[in-house]
Amino acid sequence: MEAFIQALKAYQDFNPSGWVGIYRLLPMWGGIVLCALGLIMLLVGGGRAFRLVAGPVGALIGLTFVPLVATKFGINLSDYDARLPSAVAAVLAVVGFLAPPAISFLGIGLPLGVLAGTLAGPQDFLLGFIPTLLIGGLVAAILHRVVSSIVSSTVGAWLFVIGALAALHQFGGLVAAVANQPWGVIIAAGLFALAGSVYQIAVRPSPEEMDRIRAEKERLKLRKAEQRALEKRWGVK
């Protein structure tokens, strides 16, 4: 587990090889599970189902971006307790399950805030980080369905390609050759993410639309039952 957590730290920096290389820590069965999970997230991960995605995404934010932001402010969470980063991840996982829009807020706001703070420079990091975090996070929370579909598709696409590499790792040479071209893996994941986002936003009905369709089906079913009862009562064939 410690090796896996250390590997996740590659996502705190611009390290494409490290992002892709995490597949080497996964067993074949883990890769198959990731492929299945990634496919589900690509197809139905947005909307109300996003809470199932928001929990793990919250944990990932807790393991990657929260320690990174703390470090920017001169705080090393591990100095207080080695288990603190894992505890933060667990808390954000619970928040994700209970309040998915909060993960939309953090999932968009934190990366944008860190980027803005980094561009502002070490001395003005706070000035760049706080406004961007709040504005970006609020916009993401307001556009939760769109954001949840994009985030779900992006995470699902990445899990799918990493899972595929892990599941096929036994074929050694071919997988290693693909993994040695991290930008190719990233582009492939991006295409999957784009397709999943378009499907969930433009093709798949929204939760409200699905409720309307479901309610209409129930009303139609009730009307047919009433009609059959009336025909039976009056002997109408």
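The values are calculated or read from the model by the stated rules, or taken from the named source; none is laboratory data. What you see is a predicted model; the values in this text were computed from it and never measured. With ideal geometry, Cβ positions are generated from the backbone for all residues, glycine too; neighbour counts draw on all protein chains shown. For accessibility, only protein heavy atoms count, side chains too; no ligands or nucleic acids. Shrake-Rupley method; radii C 1.70, N 1.55, O 1.52, S 1.80 Å.
Odds and ends about this structure:
- For the range 61-134, the Cα-based Rg and Dmax, in that order, read 12.7, 36 Å.
- Whole-number Å³ per residue for the convex hull built on Cα positions in the range 113-237: 184
- Each of M210, M41, M28 has its accessible area taken with a 1.4 Å probe; listed largest first, they run M28, M210, M41.
- Positive-end residue, the chain charge dipole about Cα centroid, Cβ charges, pick of L119, A89, L220: L220
- For the chain, the longest principal axis of the C-alpha atoms and the axis of helix 28-44 are separated by about 60°.
- The relative contact order of the chain comes to 27 percent, based on Cα pairs under 8 Å that sit 6 or more residues apart.
- Rg over Rh for the range 17-90 works out to 1.06, both radii taken from alpha-carbon positions and Rh defined as the Kirkwood radius.
- Here the range 130-237 is assigned +1 on the Cβ of each Lys and Arg and -1 on the Cβ of each Asp and Glu. Its dipole about the Cα centre then comes out at about 900 debye.
- Taking the square roots of five times each eigenvalue of the Cα gyration tensor of the chain, the equivalent ellipsoid has semi-axes of 41, 25, 16 Å, listed largest first.
- Dipole magnitude of the chain, debye to nearest 20 (Cβ charges: Lys/Arg +1, Asp/Glu -1, about Cα centre): 1460
- Between the Cα long axis of helix 125-142 and the first principal axis of the chain there is an angle of about 10°, rounded to the nearest 10.
- Between 0 and 90°, nearest 10: helix 207-234 axis offset from the chain longest Cα axis: 20
- Most mobile listed residue (R48, R223, R24) in the chain, GNM with C-alpha springs under 10 Å: R223
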